[in-house]
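*Asks:* So that we are looking at the same thing, I have put the structure below in structure tokens.
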Amino acid sequence: MTLSNTIPITDELVASHGLKPDEYQRILDLIGREPSFTELGIFSAMWNEHCSYKSSKKWLKTLPTSGPRVIQGPGENAGVVDIGDGQAVVFKMESHNHPSYIEPYQGAATGVGGILRDVFTMGARPVAAMNALRFGVPDHPKTKHLVAGVVAGVGGYGNSFGVPTVGGEVEFDASYNGNCLVNAFAAGLADTDKIFLSQAKGVGLPVVYLGAKTGRDGVGGATMASAEFDDDIEEKRPTVQVGDPFTEKCLLEACLELMKTGAVIAIQDMGAAGLTCSAVEMGAKGDLGIELDLDAVPVREERMSAYEMMLSESQERMLMVLRPEKEKEAEAIFRKWGLDFAIVGKTTDDLRFRVIHQGEEVANLPIKELGDQAPEYDRPWVESPKAALPDFSVLPAIDPADALLKLISSPNLSSRRWVWEQYDTLIQGNSLQRPGGDAGVVRVEGHETKALAFSSDVTPRYVEADPFEGGKQAVAECWRNLCATGALPLAATDNLNFGNPERPEIMGQLVGAIKGIGEACRALDFPIVSGNVSLYNETNGKAIMPTPTIGGVGLIDDWSKMARIGFAAEGDAILLVCKSNMWGTHLAQSAYMRDLHGRRDGPPPPVDLVHERKAGEFVRDAIHDGRITACHDLSDGGLAVAVAEMAMASGIGAAISLPMPTDPAPVLFGEDQGRYLMTVPRADKQLLREVIDEGAARGLVVAWIGETGGTELKLPGTRAISVKDLSSRHEAWFPGFMD
Amino acid sequence: MKSAVILLPGLNRDRDMIAALTKIGGKAPVTVWQTDTEIPDVDLIVIPGGFSYGDYLRCGAIAARMPVMRAVAEKATKGVTVMGVCNGFQILLEAGLLPGALMRNASLKFVCREVKLEVANAGTRFTDRYAQGQLIRCPIAHHDGNYFADEATLARIEGEGQVAFRYAEGTNPNGSLNDIAGIVNGAGNVLGMMPHPENLIEDAHGGSDGRALFEAALGRAA
């Protein structure tokens, strides 16, 4: 197939490029003539939702993005945050939802590849990865196939590249039946004075193409990712790229080696919309024009047209502006790693984006308007209706032990071991906490005591019931998970997955969630430094639950003091840190109501951000002072599930006794926010007293609710369950479903 | 005691291995690139884990044909201590320095977890700081660790005490014949093993059962 540049531009062709009539008119006004076929492709690539954030930009601007430690906020390949000692953590989360649904292995693999490239493009060596995965219900005919493919793809790429996967999420819900979510997070370490940016500087400098060759794979991928699905989705398979983690690993080593030579002025990886997007971004950010000569681009297929080269999403490619005097040195490094190196253009001073192919100018467009001055919409939105608190007083009674067993062996609360054992969680030798705890923790190599904690969180059913509270909760839970290890939360990345923003109720979810995220981030000093928006997650007009995934990073001064979720010893007092001595009260939108009573009505638990901050600081200080022996935050499934998880992680039992109302369900399974469990040796009466008093002095309730020991978990008002039995039920669901 | 780590594109546990050798041996190993035809005079040569050449074609197959592997073979013939871990083991097999083959895990999935290893022969230069039959903890992380050899070969390596480590207590993660996790060559100077002792050598790893292996291999060299 060769696509000529002289194809006539018809209304159908414009529409098939995802451009609306008013957007096309804007193009005509901008350039004063009909665009060439290649130019139409370039506009389509730059102005689609995925690359331009045209629906979300207005609202994203309201998020807090700065702070004393923030070196680089949103707008670059990844966010950069100072961690002291001249080092920075560089991180971002990005979705690869649409491709993963069409081709799960390659879609997920290239999602991981893309986010790793974003991180090392900035000069950082990747040290940790996470992934938040959401699938349809287990008995949906596609689910098993998608889980198998996505998990294998995430592992296949990350394991081979050599980054430990230290955390993540897996959730099942019918709203994802037609659109699975694959949100990939990566973090790397760099020296604060050696951060590389995409802004080109200097006129007449060589634009260099590095990495793998260009093929026809992924042509139009970013446009595909900005459209809804229908039943013909299988036909889009050729728009999914194919990953090559081996080449990416070589690209990492070559880039880091090259960066050390001082040759790199600007660097941008080729992700969505490949050569087009990377070249335009480098030029537009530097207020420079770019001229590309496509005849110099290394290709792996014959007779590729300009259109295809400009829109190819072939993986493992980079674009750089290099110092001319270092060209030979740079080329030698890339040759050593078996990678392509070609000068494909130069920077110019005329703010035009010019593309030459076989001696012909196939595109000549204003670079600023393509890039940072793309269209921006203020789409109409309606606030999501608020639900009243339902009356749960007439629920059928369920024995708490039965309820707990059912919850911890359910699709959504069972062990994810089947998934994370397919990921290399240990490589690099710095993993201090692997998946299964509150947060993944990785030691900072070369430093005696420092470590970084990572967590990825969102509770989509809360966001659906109340986007604002749900947005707050996603941030608060992530922040809480970091605190529960003893880490100081530094900053976060957001990956906003929603339906079609052209529908006012979906736009309302997006607006509400962003407002909630902003409010929580401000209250918790937890700025958003990078992120990604994935809209149009709909099939046949049915949208996913709104899913704003938050990936957070925290800093641990001394990892020898870090807390883990497993009980440390028998005879420890179990303390519940909470807001009031009502213990648990809020059942609406809980996992208990959903999974045991089939009820999904009512508002989510509200998040009191002042309390949240107090509780987190208290827990962190207690861990830092070496006062507690284990810590776990309360989330899905409430107190009962949290205690069970601490028991299962250690094999040590526990007995819980606290005053029970007539119906114990709200206390045991309520999902009230801002709560933690921690343990203190019971024998140390003075320490125990001090911890409780200190909590009270800070306006918290620290309740002594039980004790660790034995081999059984005993909840009030029900039979004891052996921890062994809990564990075997907890571990059984996933392998039973998949194998 | 001098050691060398062989580097090939796609290996990714080279940094883990270099860290382990440095921490335990007190001195950083030299690194030798795949196209080098000579290896400096060292007492221990290590091929670390990873996915050399992306595991394309067959695990270790392309790496085994790179120039540096001829130099490794020469050193091995001269009796220099050589150790290959994970992909390094696969490369040693493909290079013909060890008998047998590694197939895809029986589960057909990559697996990363901790297993128990039994020291099957504590008489080798790699294992003599463990006790015969000692159980140690060790992490694994691989997709192709399912050891296979024909009956005659299997009988020979079992008979000659060439099995250094076995997966113990029902922890065989990959379907390996006779629970084999690591073997030595007939001369006893070349070890290949799938598990990663370099990832269990200090408190931060949650244990240090892997240390004695490096102490033995490096100590011999001293």
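The values are calculated or read from the model by the stated rules, or taken from the named source; none is laboratory data. These numbers come from a predicted model, not from an experiment. Cβ coordinates were reconstructed from backbone atoms using ideal geometry, including for glycine residues, and neighbour counts include every protein chain displayed.
*Asks:* Tally up the residues in the range A:640-657 that are within 24 Å of A:Pro396 (Cβ to Cβ) and more than 33 Å from the chain's Cα centre (by Cα), please.
*Replies:* Of the residues in that region, 1 qualify.
*Asks:* Under 30 Å from A:Gln589 (Cβ atoms), at pLDDT 95 or above, in a helix (DSSP H, G or I) and not hydroxyl-bearing (Ser, Thr, Tyr): does that describe A:Val112?
*Replies:* Spelling it out, it is not the case that A:Val112 is under 30 Å from A:Gln589 (Cβ atoms), at pLDDT 95 or above, in a helix (DSSP H, G or I) and not hydroxyl-bearing (Ser, Thr, Tyr).
*Asks:* Inspect all residues belonging to the range A:417-429 and state whether any of them is within 14 Å of chain B (Cβ to nearest Cβ), in contact with an Asp or Glu (Cβ under 9 Å, 6 or more places away or on another chain), outside any strand (DSSP E or B) and among the charged types (D, E, K, R).
*Replies:* The answer is yes; a qualifying residue exists.
*Asks:* Still on this structure, please answer the following. Looking only at the range B:4-19, how many residues end up being under 15 Å from the mean Cα position of the chain (by Cα) and touching a residue at least 60 places away in the same chain (Cβ under 8 Å)?
*Replies:* 5
*Asks:* Follow-up question, since we're still on this one. Go through A:Gly470, A:Gly486 for me and flag whichever is out of contact with any strand residue (DSSP E or B) (no Cβ under 7 Å at 6 or more places or on another chain) and away from chain B (no Cβ under 14 Å).
*Replies:* Criteria check complete, one pass: A:Gly470.
*Asks:* Suppose we filter the range B:97-114 for residues that are within 12 Å of chain A (Cβ to nearest Cβ), part of a strand (DSSP E or B) and in contact with a strand residue (DSSP E or B) (Cβ under 6 Å, 6 or more places away or on another chain); how many remain?
*Replies:* Total satisfying the criteria: 2.
*Asks:* Which condition number does A:Phe172 fail, the rest of (1) within 14 Å of another protein chain (Cβ to nearest Cβ); (2) under 19 Å from the mean Cα position of the chain (by Cα); (3) surrounded by fewer than 24 Cβ atoms within 10 Å (Cβ to Cβ) being met?
*Replies:* (1)
*Asks:* Let me ask something additional. Among the candidates B:Leu117, B:Leu154, B:Leu177, single out the residue that is more than 14 Å from every other protein chain (Cβ to nearest Cβ) and under 26 Å from B:Ser208 (Cβ atoms).
*Replies:* None of the other options fit; the residue is B:Leu117.
*Asks:* Can you give me the ranges of the strands (runs of 3 or more DSSP E) entirely in the range A:510-614 with at least 1 residues that are touching a residue at least 40 places away in the same chain (Cβ under 8 Å), farther than 30 Å from A:Asn48 by Cα and among the hydrophobic types (A, V, I, L, M, F, W, C)?
*Replies:* A:547-556, A:572-578
*Asks:* In this structure, does A:Ala306 turn out to be touching an Asp or Glu at 6+ places or on another chain (Cβ under 9 Å), more than 14 Å from every other protein chain (Cβ to nearest Cβ), over 26 Å from A:Gly153 (Cβ atoms) and buried (at least 24 other Cβ atoms within 10 Å of the Cβ)?
*Replies:* yes
*Asks:* So B:Arg70 passes all but one of these: (1) within 14 Å of chain A (Cβ to nearest Cβ); (2) without any contact (Cβ under 8 Å) to a residue 40 or more places away in the chain. Which condition number does it fail?
*Replies:* Among (1) within 14 Å of chain A (Cβ to nearest Cβ); (2) without any contact (Cβ under 8 Å) to a residue 40 or more places away in the chain, B:Arg70 violates only (1).
*Asks:* Evaluate the following for A:Asp684: is it surrounded by fewer than 24 Cβ atoms within 10 Å (Cβ to Cβ) and either out of contact with any Gly (no Cβ under 7 Å at 6 or more places or on another chain) or in contact (Cβ under 8 Å) with a residue 12 or more places away in the chain (or both)?
*Replies:* yes
*Asks:* Let me ask you something else. Name the one entry in A:Glu376, A:Glu369, A:Glu361 that is in a loop (DSSP other than H, G, I, E, B) and more than 14 Å from every other protein chain (Cβ to nearest Cβ).
*Replies:* Answer to the selection: A:Glu376.
*Asks:* Would you be able to say whether some residue in the range A:43-66 is closer than 30 Å to A:Thr449 by Cβ and either charged (D, E, K, R) or buried (at least 24 other Cβ atoms within 10 Å of the Cβ) (or both)?
*Replies:* no
*Asks:* Criterion first (away from chain B (no Cβ under 14 Å) and within 19 Å of A:Ile556 (Cα to Cα)) does A:Ala439 satisfy it?
*Replies:* yes
*Asks:* What number of residues in the range B:93-125 are under 18 Å from A:Val419 (Cα atoms) and β-branched (Val, Ile, Thr)?
*Replies:* Total meeting the criteria: 2.
*Asks:* Ok, one more. If I go through the range A:75-91 residue by residue, how many of them are touching a helix residue (DSSP H, G or I) at 6+ places or on another chain (Cβ under 9 Å), more than 14 Å from A:Val119 (Cβ to Cβ) and modelled with pLDDT of 95 or more?
*Replies:* Number of matching residues: 0.
*Asks:* Name every residue in the range B:2-57 that is assigned to a loop (DSSP other than H, G, I, E, B), within 11 Å of another protein chain (Cβ to nearest Cβ) and of a type in the set (Val, Ile, Thr), in order of residue number.
*Replies:* Within the range B:2-57, just B:Thr35 meets the criteria.
*Asks:* Restricting to the range B:73-96, name every residue that is assigned to a loop (DSSP other than H, G, I, E, B) and either within 14 Å of chain A (Cβ to nearest Cβ) or in contact with a Pro (Cβ under 7 Å, 6 or more places away or on another chain) (or both).
*Replies:* Answer for the range B:73-96, where residues must be assigned to a loop (DSSP other than H, G, I, E, B) and either within 14 Å of chain A (Cβ to nearest Cβ) or in contact with a Pro (Cβ under 7 Å, 6 or more places away or on another chain) (or both): just B:Cys86.
*Asks:* Name the pairs: first residue in the range A:306-326 and closer than 12 Å to A:Asp217 by Cβ, second residue part of a helix (DSSP H, G or I) and acidic (Asp, Glu), Cβ to Cβ under 7 Å, at least 6 apart or on different chains?
*Replies:* Note: pairs meeting the criteria are A:Glu316/A:Glu248.
*Asks:* Here's a check for you: in the range A:718-739, which residue that is not in a helix (DSSP H, G or I) and not hydrophobic (A, V, I, L, M, F, W, C) is surrounded by the most Cβ atoms within 10 Å (Cβ to Cβ)?
*Replies:* Out of the qualifying residues, it is A:Thr718.
*Asks:* Kindly list the number of the only condition in (1) out of contact with any helix residue (DSSP H, G or I) (no Cβ under 7 Å at 6 or more places or on another chain); (2) of a type in the set (D, E, K, R); (3) within 27 Å of A:Ala148 (Cα to Cα) that fails for B:Glu160.
*Replies:* (3)
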